[in-house]
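The values are calculated or read from the model by the stated rules, or taken from the named source; none is laboratory data. These numbers come from a predicted model, not from an experiment. Positions of Cβ are generated from backbone atoms using ideal geometry, with glycine treated the same way; all protein chains shown enter the neighbour counts.
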Amino acid sequence: MESAGHAPLLDELEARLAYRFRDRALLETALTHTSWLNESAVPGRADNERLEFLGDAVLALVTSDLLMAQLPAAAEGDLSRARAALVSEGGLARAAALLDLGRFVLLGRGEDKTGGRARPSILANALEALVGAVYRDGGLEAARGIAARLFQPELGDVQRHARLDFKSRLQERAQALWQSQPVYEVVAVSGPDHDKRFEVALTIAGRAWSRASGRSKKEAEQSAAAAALEAIERGEGSGA
């Protein structure tokens, strides 16, 4: 059931999405983080994890379709790298930031106080859930339209995304600067089997440069490498 206090925020989010839900309960569910549900215990209310699962699959399909239209001559490997960049935790979090999505998510007090509204994993999951909700409410074409709008800035630079391989670029920079290779270490694994998160620490020549998380070890390593490259370009001596 939609809460009266949350209704104006739902109106605003629908305006930002340029999409009005037929079944607003789906939108409420998409915005409900498990931490809020654990504290509130609203009868009949579900968290957004099932919609997140659905949205992940929907995004894989619609972003593949958008990329094939944008890059008609691209090879499969280039398309795969571009899609991975778009739907990575970082890519999803950036798209969520365009909506200011963190402001609309229902979070438990603990998550809220510790910066959950800006946490990339929470934003990425909420965006996936939101796309899943749009798909359930309006079908595939509605979900495709939402994805096209949300990823428009990234889709405008898909040629760059197709070339992204941060680990290879970092390896070249590390070899040139320090005659050393980056070392990636998985320092934490969390989440259920269907939605694990891997946290990776990156060091070069014994110095800590970055930490990053992702839905696979490979994704976390790419994100850590991207953060380290950014720090190197800023001229920092250590990124962590």
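For (1) of a type outside the set (D, E, K, R); (2) surrounded by fewer than 16 Cβ atoms within 10 Å (Cβ to Cβ); (3) modelled with pLDDT under 90, each residue gets a yes or a no:
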{"residue": "LEU61", "(1), (2), (3)": "yes, yes, no"}
{"residue": "GLY91", "(1), (2), (3)": "yes, no, yes"}
{"residue": "LEU123", "(1), (2), (3)": "yes, no, no"}
{"residue": "ALA126", "(1), (2), (3)": "yes, no, no"}
{"residue": "GLY139", "(1), (2), (3)": "yes, yes, no"}
{"residue": "ILE146", "(1), (2), (3)": "yes, no, no"}
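The residues listed here are GLU185, GLU172; of these, the one that is assigned by TED's automatic domain parsing to the domain that holds LYS217 and in contact with a strand residue (DSSP E or B) (Cβ under 6 Å, 6 or more places away or on another chain) is GLU185.
Would you check if ILE204 is at pLDDT 90 or above, closer than 20 Å to ARG94 by Cα and of a type outside the set (D, E, K, R)?
Working: at pLDDT 90 or above: yes; closer than 20 Å to ARG94 by Cα: no; of a type outside the set (D, E, K, R): yes.
No: the conditions fail for ILE204.
Considering segment 180-227, and only residues there that are over 16 Å from SER121 (Cβ atoms) and without any contact (Cβ under 8 Å) to a residue 12 or more places away in the chain, the residue that is surrounded by the fewest Cβ atoms within 10 Å (Cβ to Cβ) turns out to be ASP193.
Among the residues making up segment 10-44, those that are touching a Lys or Arg at 6+ places or on another chain (Cβ under 9 Å) and either at pLDDT below 90 or of a type in the set (S, T, N, Q) (or both) are THR29, THR32, SER35, LEU37, GLU39. Please indicate, with yes or no, whether at least one residue in segment 164-180 is under 18 Å from ALA60 (Cβ atoms) and in contact with a helix residue (DSSP H, G or I) (Cβ under 9 Å, 6 or more places away or on another chain). Looking for residues that are under 18 Å from ALA60 (Cβ atoms) and in contact with a helix residue (DSSP H, G or I) (Cβ under 9 Å, 6 or more places away or on another chain), one finds at least one in segment 164-180, hence yes. Against the numbered list (1) aliphatic (A, V, I, L, M); (2) assigned to a helix (DSSP H, G or I); (3) free of Cβ contacts under 8 Å to residues at least 24 places away in the same chain, LEU26 comes up short only at (3).
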